[in-house]
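Participant: Encoded as structure tokens, here's the structure I'll be asking about.
The values are calculated or read from the model by the stated rules, or taken from the named source; none is laboratory data. The structure displayed is predicted, hence computed values, not measured ones. Methodologically, a virtual Cβ is constructed for each residue, glycine included, from the backbone with ideal geometry; neighbour enumeration extends over all protein chains shown.
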Amino acid sequence: MSASARPASPLRPEDPTATAPTTPTDPVASSSRLGRRALAHPVRTILAAYLVTRLVALTAMWVAATWFQNPAGVGHLDPTVGDLIGLWDSEWYERIATQGYPVPLPADPTTGKLTYSAWAFYPLFPFLVKGLMLLGIPFTAGAVALNLVLGAVGAVLIWKLFSHALHADPRPGRDRLALVAACLWCFYPATGVMLKAYTEPLAIVLVALSLLQLMNRRYAVVAALAVPLAFTRGVAAAMGCAVLIHLVVRIREDRRAGVAPLRGQRSTAALMVLVTGLSGLAWPVVVGVVSGIPTAFLDVQEAWGQQPSAGPFVLWLQWAWEGHGLAGLAVLVGLCGTYIALVLGRHGRWLPVEVRAWAVAYPLYLFAVVRPITSMWRFLLLDFPLAALLASVAMRTSTGERIVTHWRWRVAVLLVPVVLGLVWWTCALLTWTPWSSRPP
């Protein structure tokens, strides 16, 4: 058969660079030239979106500083963006980087109970910034620069996670879904904290990298990453759930294939489970050893307002009941149920099992151990599968099998409340009034 007579190969929906003729219903056929370029260069696209969101967040901080920040919170009459960058937990991380942790632990002189102190904050991020300070870089400049880089790395890793097709249902537009979802995550309303000296960007990088290495079955690397994560954020329980679910799926697949479960990797898998489990105790043990008080970390957390003794989920249920009674409980349970249904249902099936496990375990862990505070908005930055669910709902038909042709308009409409939420969150929570503010 001559070359001119050879039949054309069918166009695969997931191939963003193909140029063969397509049907009008094919999502690639409706792509603009800009869209095709974005899919052809996803990392460049994500970094461009990330840069835009940093400018949006910075603008929102300027609006907050100019019209919403009370001068009493910054000590002078003309609040600036720099003032907002240095507020809240940034002050504590700077204190850790410049002065270290106080020994002995501060205690109330009347009751003798431990009071709030820097020991409630994990050490890896401020120590990394301290390393930059040794090069002559001021704390704030070093922290912001580090977080800008970490945030960009985190966005790319999140895209890699969403793009990973292992243990996920086949979808014709996975590449497009993953790219849009990663860009949507950059617009998360609490993204302003990634311009401050906060641990979220570092935690996002470590969590996303751990999940990616878990899916690639590099168990020794996951165990190694559990160590720095243990000194960044207390998320070991949620990560442990993702690890266990991955192993259950892996063992089941190995048995179906007729091979020995975890063949050649049993020792590294056991090491991963052990280190991940122990990582949740690492920082509390360090605080207990240094202070000589085994429960020191929990005592300091209680001084900051946490109440672990109340039991899991109790404080949230109590908060809903006291605020709105039975209706409040119904709304809270309904929201949680809807979210889990989205993760486990058709809008989440295009995500790998490990990502879905994290998407369920991490928010449930937060609701189990964290009291009802406005900082939950910031904590949910690490629940990046939220962006994947939003992308799926906005871009897919009711059957969940094909991206709708007008998905761009749907995503654009979705961005309006998201950006407004970003501005609201920055103006309402990132500012500080000494007598009435709530922490971001």
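Participant: Just to check your reading of the model, which residue among Ala145, Ala141 is of a type in the set (A, V, I, L, M), under 25 Å from Leu229 (Cβ atoms) and either assigned to a loop (DSSP other than H, G, I, E, B) or out of contact with any strand residue (DSSP E or B) (no Cβ under 7 Å at 6 or more places or on another chain) (or both)?
Facilitator: Checking each option against the conditions leaves just Ala145.
Participant: Determine if the stretch 107-118 includes at least one residue that is crowded, with 18+ Cβ neighbours inside 10 Å, of a type outside the set (A, V, I, L, M, F, W, C) and touching a Leu at 6+ places or on another chain (Cβ under 8 Å).
Facilitator: Yes, some residue in the stretch 107-118 is crowded, with 18+ Cβ neighbours inside 10 Å, of a type outside the set (A, V, I, L, M, F, W, C) and touching a Leu at 6+ places or on another chain (Cβ under 8 Å).
Participant: Please go through the stretch 48-87 and pick out each residue that is among the β-branched types (Val, Ile, Thr), over 20 Å from Thr433 (Cα atoms) and touching a Leu at 6+ places or on another chain (Cβ under 7 Å).
Facilitator: Hit for the stretch 48-87 is Val56, nothing else.
Participant: Could I ask something else about it? Find the residue count for the stretch 378-397, including only residues that are farther than 15 Å from Leu415 by Cβ and at pLDDT 90 or above.
Facilitator: Final tally of qualifying residues: 11.
Participant: Okay, moving on. Filter the stretch 191-211 down to the residues that are β-branched (Val, Ile, Thr) and in a helix (DSSP H, G or I), then identify the one that is farthest from Leu351 (Cα to Cα).
Facilitator: Val193
Participant: Val418 is checked against (1) among the hydrophobic types (A, V, I, L, M, F, W, C); (2) crowded, with 22+ Cβ neighbours inside 10 Å; (3) closer than 20 Å to Ile158 by Cα and fails just one. What number does that condition carry?
Facilitator: Among (1) among the hydrophobic types (A, V, I, L, M, F, W, C); (2) crowded, with 22+ Cβ neighbours inside 10 Å; (3) closer than 20 Å to Ile158 by Cα, the lone unmet condition for Val418 is (2).
Participant: Which fully enclosed helices (runs of 4 or more DSSP H) of the stretch 247-359 have 3 or more residues being farther than 16 Å from Gly234 by Cα and within 22 Å of the chain's Cα centre (by Cα)?
Facilitator: 314-344
Participant: Related question: If you go through the stretch 92-120, how many residues are part of a loop (DSSP other than H, G, I, E, B), free of Cβ contacts under 8 Å to residues at least 60 places away in the same chain and hydrophobic (A, V, I, L, M, F, W, C)?
Facilitator: 0
Participant: Follow-up. Conditions: (1) in a loop (DSSP other than H, G, I, E, B); (2) surrounded by 24 or more Cβ atoms within 10 Å (Cβ to Cβ). Leu214 meets all but one. Number of the miss?
Facilitator: (1) is the only condition that Leu214 fails.
Participant: Failed condition for Val180, given (1) crowded, with 24+ Cβ neighbours inside 10 Å; (2) under 29 Å from Gly277 (Cα atoms), with all others met?
Facilitator: Exception for Val180: condition (2).
Participant: Go through (1) β-branched (Val, Ile, Thr); (2) part of a loop (DSSP other than H, G, I, E, B); (3) surrounded by 15 or more Cβ atoms within 10 Å (Cβ to Cβ) for Val129 and report which single condition fails.
Facilitator: Exception for Val129: condition (2).
Participant: Moving on. List every residue pair whose Cβ atoms lie under 9 Å apart, where the two residues are 6 or more positions apart in sequence or sit on different chains, the first residue falls within the stretch 321-342 and is more than 21 Å from Ala388 (Cβ to Cβ), and the second residue, located anywhere, is loosely packed, with under 12 Cβ neighbours inside 10 Å.
Facilitator: Partner pairs satisfying both residue conditions: Gly328/Glu322.
Participant: Confirm whether Val300 is under 30 Å from Ala168 (Cβ atoms), touching a residue at least 60 places away in the same chain (Cβ under 8 Å) and either in contact with a strand residue (DSSP E or B) (Cβ under 9 Å, 6 or more places away or on another chain) or not charged (D, E, K, R) (or both).
Facilitator: no
Participant: Go through the stretch 38-91 and count every residue that is of a type in the set (S, T, N, Q), surrounded by fewer than 17 Cβ atoms within 10 Å (Cβ to Cβ) and part of a loop (DSSP other than H, G, I, E, B).
Facilitator: Qualifying residue count, the stretch 38-91: 2.
Participant: From the list Ala361, Ala341, Ala357, Ala391, pick out the single residue that is of a type in the set (A, V, I, L, M) and surrounded by fewer than 16 Cβ atoms within 10 Å (Cβ to Cβ).
Facilitator: Ala341
Participant: Another question about this same structure. Could we say that Ala182 is part of a helix (DSSP H, G or I) and either among the polar types (S, T, N, Q) or touching a residue at least 24 places away in the same chain (Cβ under 8 Å) (or both) here?
Facilitator: When the stated conditions are applied, Ala182 passes them.
Participant: Suppose we filter the stretch 360-389 for residues that are in a helix (DSSP H, G or I) and β-branched (Val, Ile, Thr); how many remain?
Facilitator: 2
Participant: Between a residue in the stretch 276-294 that is within 19 Å of Tyr101 (Cα to Cα) and exposed (fewer than 15 other Cβ atoms within 10 Å of the Cβ) and any residue that is among the small types (Gly, Ala, Ser) and at pLDDT 95 or above, which pairs come within a Cβ distance under 7 Å, given they are 6 or more apart or on different chains?
Facilitator: Partner pairs satisfying both residue conditions: Pro294/Gly288.
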